[in-house]
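Here the structure comes first, spelled out in structure tokens, and everything after it is commentary.
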Amino acid sequence: MKQVAIIGGGSAGVMFANRMRREFTPNQVGLTVIEKSDKHHYQPAYTLLVFDLDEPENIVKPTNELFYEDVKLVQDEATKINPKENTISTTKHGDIAYDYLVIATGAKLSLGEPEGMLEGLKKGENVHTFYTMDGALKLRDALKNCDGGTVVSTFCEMPIKCPAAPIKFILMAEDTIRNLGKRNKFKFVLTTPLPSAFSRHPYMEALNGIFESRGIETVANFAPGEVDHEKGVMKSYDGKEVNFDLLSITPPHEGADVIQNSDGVGDAAGWVTCDKYHMLNKYHDNIYGIGDATDFPTSKTASGARKQAKVLTERFKALLAGKEPKATYDGEIICPILTRDKRALFANFNYTKSLSPATESYLNWVLKVNMLRPLYWNMMLKGLL
Ligand SMILES: Cc1cc2nc3c(=O)[nH]c(=O)nc-3n(C[C@H](O)[C@H](O)[C@H](O)COP(=O)(O)OP(=O)(O)OC[C@H]3O[C@@H](n4cnc5c(N)ncnc54)[C@H](O)[C@@H]3O)c2cc1C
């Protein structure tokens, strides 16, 4: 019997653990998930909260209700991975041994930079982030109370979770204000550290066209170095300035502390260094990475985690049967971009190519707003989809 330990019971960890349990009996494979939080958030709905398209009670569930029987949940924080000993140190449960380790620790917000961002967020008046549930609710209220001025959506650097989320925010904010009949009192701006709002064809061209037609300004190659919430000014490292009355900021992201504290597992920013097809850690042949925790060169999304969980389970099936694993992750992700009320565009691509046309449709909206959350709780997390 092999022991598989999983650090992180977020989207990727739960999907993988439950898929594995469906394939292997407890006598074949022991599955232990170490998760520090007792609440699991369906993060893709944070964007919906901002626009009253979902409610907090629908998007949070107790972590211990998510697993099949015989997946052992250890509610604790993993503090260090010891690859030489094949153990994980934890805060309360001592060292946990494994034959195989799957790291699913996600991405965390890095709030130290840009300068002034944290003060602005703490003040909670004109600087907000919807990258937490609490932040999404505050931004929702701030937008409702905003009577005019410049609304800015910014992301500081890549990689971030769901790179389209700051784009969804500005598009939906503009549409909401337009529908309230107040568009002439507002200016809408997206700043991006990239050369364009979105980097993949044909979504890039489609989004650029939508921005232009609706008068939403894009400030490209803008890497924020300072946020002055008192003056309502954001400055880039190379001296450019963008004024705001309401700023929605996506802070920089980094890998989990446990990766940064463990030698030979990740890179300087704490991303688990993995082969992008096989998901195997570059330094250890019994350690894998899955989900946002990894350095896979694709967007950090739950849709990607779902596909990775499927592939990794297939690889374990072969591996534990003594065969050569064949299944590979091609980098596929699907990112639903709400463009306006009742319309959404799906960006679907893998490492090498785009897989869907850039079409805004009502069907896409219904999928994103009404169907994905129930599918997530009832099918995806259970490893059924
Ligand atoms: C605003 C926003 C919008 C998004 N929109 C979409 C979207 O439309 N579509 C989409 O597919 N995706 C979207 N995402 C991204 C999606 O939520 C993530 O890609 C997904 O949650 C990744 O799953 P994960 O398991 O890798 O990370 P997470 O779900 O973040 O889970 C990581 C888990 O690891 C745990 N952990 C970390 N360190 C430790 C430790 N040391 N010990 C124990 N436990 C630990 C954490 O507590 C956490 O539960 C969005 C995200 C955000 C924030």
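Data overview
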read-out: Flag for residue 73 being in contact (Cβ under 8 Å) with a residue 12 or more places away in the chain and within 16 Å of residue 373 (Cα to Cα); value: no
read-out: Residues within region 330-358 that are in contact (Cβ under 8 Å) with a residue 60 or more places away in the chain, more than 14 Å from the ligand (Cβ to nearest atom) and under 28 Å from residue 174 (Cα atoms), tallied; value: 5
read-out: Failed condition for residue 9, given (1) open to solvent by less than 10 Å² (accessible area, probe 1.4 Å); (2) in a loop (DSSP other than H, G, I, E, B); (3) more than 7 Å from the ligand (Cβ to nearest atom); value: (3)
read-out: Flag if residue 326 is more than 16 Å from the ligand (Cβ to nearest atom), within 29 Å of residue 271 (Cβ to Cβ) and out of contact with any helix residue (DSSP H, G or I) (no Cβ under 9 Å at 6 or more places or on another chain); value: no
read-out: Qualifying residues in region 94-114 (those that are free of Cβ contacts under 8 Å to residues at least 60 places away in the same chain and over 20 Å from the mean Cα position of the chain (by Cα)) - the one least open to solvent (accessible area, probe 1.4 Å); value: 94
read-out: Selection from region 46-70 of residues that are over 30 Å from residue 370 (Cβ atoms) and within 16 Å of the ligand (Cβ to nearest atom); value: none
read-out: Identity of the residue in region 12-45, part of a loop (DSSP other than H, G, I, E, B) and open to solvent by 30 Å² or more (accessible area, probe 1.4 Å), that ends up farthest from the ligand (Cβ to nearest atom); value: 27
read-out: Candidates 368, 342 - the one that is of a type in the set (D, E, K, R), open to solvent by 20 Å² or more (accessible area, probe 1.4 Å) and either over 22 Å from residue 71 (Cβ atoms) or touching a strand residue (DSSP E or B) at 6+ places or on another chain (Cβ under 7 Å) (or both); value: 342
read-out: Complete set of residues in region 160-207 that are more than 21 Å from residue 360 (Cβ to Cβ), in contact (Cβ under 8 Å) with a residue 12 or more places away in the chain and surrounded by fewer than 19 Cβ atoms within 10 Å (Cβ to Cβ); value: 182, 185, 187, 193, 194, 195
read-out: Which numbered condition residue 150 misses (of (1) among the β-branched types (Val, Ile, Thr); (2) within 14 Å of the ligand (Cβ to nearest atom); (3) open to solvent by less than 60 Å² (accessible area, probe 1.4 Å)); value: (2)
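The values are calculated or read from the model by the stated rules, or taken from the named source; none is laboratory data. Just so you know, these numbers come straight off a predicted model, no measurement behind them. Note that we place each Cβ from the backbone using ideal geometry, even for glycine, and neighbour counts take in every protein chain shown. Only protein heavy atoms, including side chains, enter the accessible area calculation; ligands, DNA and RNA are left aside. Shrake-Rupley method; radii C 1.70, N 1.55, O 1.52, S 1.80 Å.
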